[in-house]
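Taking it in order: structure first as structure tokens, then the write-up.
The values are calculated or read from the model by the stated rules, or taken from the named source; none is laboratory data. Source: prediction; values computed, not measured. Heads up, the Cβs are rebuilt from the backbone with ideal geometry, glycines too, and the neighbour counts pull from every protein chain shown. With ligands, DNA and RNA removed, areas are computed over all heavy atoms of the protein, side chains included. Shrake-Rupley method; radii C 1.70, N 1.55, O 1.52, S 1.80 Å.
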Amino acid sequence: MDGDTNLTSSEDVTKSPCEETEQKSMASNGSNEIKSRAVVKYSSAPPAAAFSRLQEKTDLKLPPANWLRENAKLGPTILGNSKKSKQFSSFGMAYDFIDSVGKEVDVVADSENIKKLLKIPYSKSHVSMAVHRIGKTLLLDELDIQELFMRSSQTGDWTWLKEFYQRLMDQKWQRKKKSKEHWYQKAILSKFLYYSINGDDPAEPVPSTSHQPGDEQNLREPSGSDHVAWPAPFETLSSVSEDGGTSNQGNVTTDPSLLVGHVASAAKEHSLPSLFIDRENSQGLKNDFVRNILWTFEDIHMLVGSNMPIFGGGRYPAVSLRLRDNNKPINVLTGIDYWLDNLICNVPELVMCFHVNGIVQKYEMIKTEDIPNLENSNFSTKVIKDIAQNILSFLKSNCTKEGHTYWLFKASGSDIVKLYDLTTLCEETEDKYQNPFTMPVAVLLYKVACNMMIKKTQNRKHYGTIRTLLLNCLKLVDKGRHPQIIASANYMLSELFQLEPKKEESAEGSFNGNSDESYSEDEEEDEEEEPPDSDENGSYGCPPNPPEDCKAIAIIKSVRELSVPEKYKSTHQIRPSCTFPVCSDTEERCRLVLSYVLEGLKSIDSSIKKEGELPAADPNTPIPLKYEDESANVVSECLEKQMALFLQKMECSDNHCSSISGIVPGSWQFKMKLLLIIKASKAYYVLSDAAMSLQKYGRALRYVKLALQCYDAYSCLCTNQVPEVMLLLCQYLALCGDIQLMLAQNASNRAAYFEEYNYQTRDDQEILHSLHRESSCEGFYFVTDLITDLECQLSISCKCYEAANDVLFVTNLKNQNPEQQTQVLKRLGNIRNEIGVFYMNQAAAHQTERSANRGVSSTEQDLWKKSFSSFERGITSFKSIEDTTNSSLLLCNMGRLMRICAQAHSDSGNDERSGEFSPEEALYYNKAIDYYHKALKSLNKRETHQAVWDSVYWELSTTYFTMATLLQDYAPISRKAQEQIEREVTEAMMKSLKYCDVDTVSARQPLCQYRAATIHHRLASMYHSCLRNQVGDEHLRKQHRVMADLHYGKAVKLFQLLRDAPCELLRVQLERVAFAEFLMSSQNSSVGKLKSLYGALEIMMKTRCAFVVLQKELECESDQGPADRKELAGSDSSGNLRKEEVVKLVNIFESRLSFVLLQFVKLLSSKKKSSNPPEEEASLKNYKQVYSSLLRASTNKIATLHERLSVLLNLLDQLTPKSEANETVIQ
């Protein structure tokens, strides 16, 4: 042999199941290197025993002293490498190494099956193997047709396959009996191995009764562990008992209880149920191999089971022992057998002991890499590699459907290899559940899916794969006989979908194949059912001549083709694109979850159903929904009683399961139903939240009602309320409170909400029917009812939040979930504010409707108390979470409530009040001011929340202004002196001015400017009035004169900033003219009077801007059509009132202008002409001309307002000097 082989560590120690030993090797044949790598995943073998060379002439026909006795050195491999592969051996390994199945491993099989496949081109022996696909992995098992038919002749099963096989072979089936030579060789091999351990110990005489007959008896009849055990077909399985258990019937081998155990405690990541498979020895599903090896042969990854005995010690660290008849040369099949065994187990050397008729002749040591070049057994390792790759590609290309059993068959002496789909053939028969592989495959599919789900590092990219595994599992299982698998698989399917409220979904980015994208069941089925049909991928169509070949899905026409490099290429994916289903819509995703939950609940209910115990309910008949328009007090009392009972139940430690159906606590049905009910409640919660965001409040209330009904059924089953579930209840109640509040705020669309609330899907009805088997589901009846009364809806909303807060408090979840408690308390504070505002508005409405001169009614006082109490409790809620902003808003509302109380204590309920400002009014206004100050103190500074701060400032300014106005207009002169009233008015006005922010640019700035201008106007009018009425104190008169002039000036400046207050500006200016006239009347000198007149005339000329604005407004009105003016006049009379006010102000202005001009003419004319400068002469002439024009215009009674304004503007222009007129135009 030209190439060298580097073999590393040997199998010289016993490895625990959790141990992995990596061993690599490289085999060479000339220039062709074969890559081989072996990793021992599990080994139960004892430490490698050192073998002893037997002396020549040792008679192996004589048994050694230790023969057939237990020997720890040999362990379970005493009979050597049995050529008989156990049924379902690959499933046993797959169960133990579930992590490898479906992903990193291509093949799981017994080493004997691997060798049998790789020897197909060299051997004339028949090949019969069952092939199953689990994801990327193919499971290979020997399908012993003869054993199967022997059992069929006793039970009558599998007759369809027996008939098909007989047609296929064109001969009657006959079971071949093993020859005496076979048993003879097996016996001396066993004795040889014992001799190799026992060394040179002499043989013990064996009684004649047990020598040959006994030897052959022990060897011919394998023990129970070697006996092939076929799981029974489905029709012989014991039926599920009424209590969910199982009962054995006769000699049934497979029992559902052996395949499906109790639901285990859920994994922390996904709360997944587990299936435990007990007593698998009787199923043939146990991993009985001494070693499980992860063998990489070139690019093929295989999980292989091996029982080959390995010896070691001394100069031979790891060798395999073989016994050969010296008269029979080693053939190719034997060489391949030895070479593959050593490669798989990574044994570097082979020790062969030659014998003649049982007499030892010699030993020969052969390296593993030299085996392919032995005389008479020469073979190419590259060809073996090509055979392995071609067979794997052929199987991958054609075994495409998960859950299907494929049969790879080659008849003895034939060169044709055929592949059949037994599942499809079985479905064509009367009973499609006769396939014995159905349950092992279904359980393996489930276990692989479950293992992928509970991986801590698992991400969502495999969810499509998991879903496909579970759906294929469900296709295999009979619903009536295996309800636990159905329920568990459907629960896992529902767990694949992340149920989060819509507002949290946007945080997760989409990913290819991971999220709810691009899935088509039809597309997947098309990919699976479309086998390649070209020569390159190794699939051949059925020949037309032999009709029996039409049953084969693929054919290898000649085994010699397997030796051709890359003859068969796997163009078909071992798993189609298993992407997750398209569920971009939240409702679609939740509906899919609920469909899986429903199937699981049906399976559970069918397993515990006892006819006659429960009243029959038609799922097609909607459950009647109750609507009662109760008063708010009755509803509130009922809610309080319900919540008291509920909280008492939570605090009680000795609760008992109160299920109506009689489900047994602790049973798998009990545990699984709890999981499914909670999953359904989560789905309904997400649906309700999504409907809420779409403003479908009737639908949202229906969904949250179903979520709470699910919880009610859960609480009847589960005696211990776990914190996670109680947190869900808190979220459900909070959402229910939100919905009831939105229903109260959107009462106009109530008919549509009732229609949404009444609608129910078939799935909802059936889920509710399953829930009613455990509970009446009426624990939250009043909370989820659609009530038309606004007060009741607000009360229910408040009770929902209070109940959610109580749940957090009683279960001590407030410390574990502070964010949840913050949200609940914030909602609670908000609904109490809404209730307070509702009662406050009710009180205001009563006040408006109250007839004049009637006192405050008891109804109003009750409404004030309810409103005040609600505001106080809301503030308490906000303060508990240190929400200063909302606390200040509620304090602001309390201030508003006090102002409403103050208005109610006026002499009459309407605006046309009479009398004085009462002490009660003053009391409530001062209380309002106190609450506004508390609101500002709560905010501390404007930066906390500018909008709220500005709002409180405005309300405080308004309160001071209202109180000052009432004091000024309805002065309590019977109780207070005039000076005190004026002082209080001034103080209140100045405080109002302090909180009126005219400088900050905002939407409220024009209002603040108007308010400040009005305050200055009122103060100026008050000082003007005081000056007129003041007699005596000249200092005080002077002070009043100065203050009046100051405030008039400020009022004019502010009104000039406002473009929409010309009447106010005109009124202030006219008062200033009157003020100037009053000052002139008290002056004696002509110079002083002229100065006052010049001041008055200057004021009147500055009113020009007001007249311009008024003229533009009139022009805009005239541009509108008559119909528009009629419509405006009919809809609102404010326009006419404003016009009357303008006419009145114009009349006053004309009269005052006429008076001022007349006084000017008189004073200037009385002077001597010689003393008058030229400017005064020109002014006098101008004044006379304007005065004359004004008199002529005043006498024109038919002139329109627009014409009068035009005349006034013209006259003012004549009075204005040219320089000032130019400045005015420029401005």
Margin query: For the range 351-457, what does the accessible surface come to per residue with a 1.4 Å probe? Please give it in Å².
Written below: 31 Å²
Checklist line | For Ile553, residues with placed amide H under 5 Å, excluding near neighbours | finding: Leu419, Tyr420, Asp421
Item checked: Amide proton proximity set for His301, modelled H, under 5 Å, gap of 5+ -> Asp106, Val107
Checklist line | Net length gained if the chain between Glu819 and Arg762 were fully extended (0.36 nm per residue, minus Cα distance) | finding: 16.8 nm
Item checked: Potential lengthening between Arg1192 and Asp585 on full extension [0.36 nm per residue; Cα-Cα distance subtracted] -> 210.5 nm
Check: Which FRET efficiency value, to the nearest 0.05, is calculated for Glu1177 and Ser974 with the Förster distance at 45 angstrom and r the Cβ-Cβ distance?
Finding: 0.20
Item checked: the range 1040-1127: C-alpha gyration tensor shape, a/c 1.5 cut-off, then a/b vs b/c -> prolate
Notebook entry, point to check: Hey, any idea what % of the range 715-859's accessible area is carbon plus sulfur with a 1.4 Å probe?
Noted result: 46 percent
Next item on the list: Write down the accessible area per residue of the range 704-842 in Å², having rolled a 1.4 Å probe over the full set of protein chains.
Entry: 34 Å²
Check: Between Arg324 and residues 5 or more places away or on another chain, which pairs have amide H atoms under 5 Å apart, with H built 1.01 Å from N, and which residues are they?
Finding: Cys353, Phe354, His355
Check: Alpha carbon centre of the range 338-362 versus the range 782-831: separation in Å?
Finding: 80 Å
Next item on the list: Kindly state, to the nearest 0.05, the FRET efficiency for Gln1030 paired with Ser1118, given R0 = 41 Å and r defined as their beta-carbon distance.
Entry: 0.30
Notebook entry, point to check: Carbon and sulfur together cover what percent of the accessible area of the range 947-995 at a 1.4 Å probe radius?
Noted result: 53 percent
Item checked: Heavy-atom accessible area order for His1047, His404, largest first, 1.4 Å probe -> His404, His1047
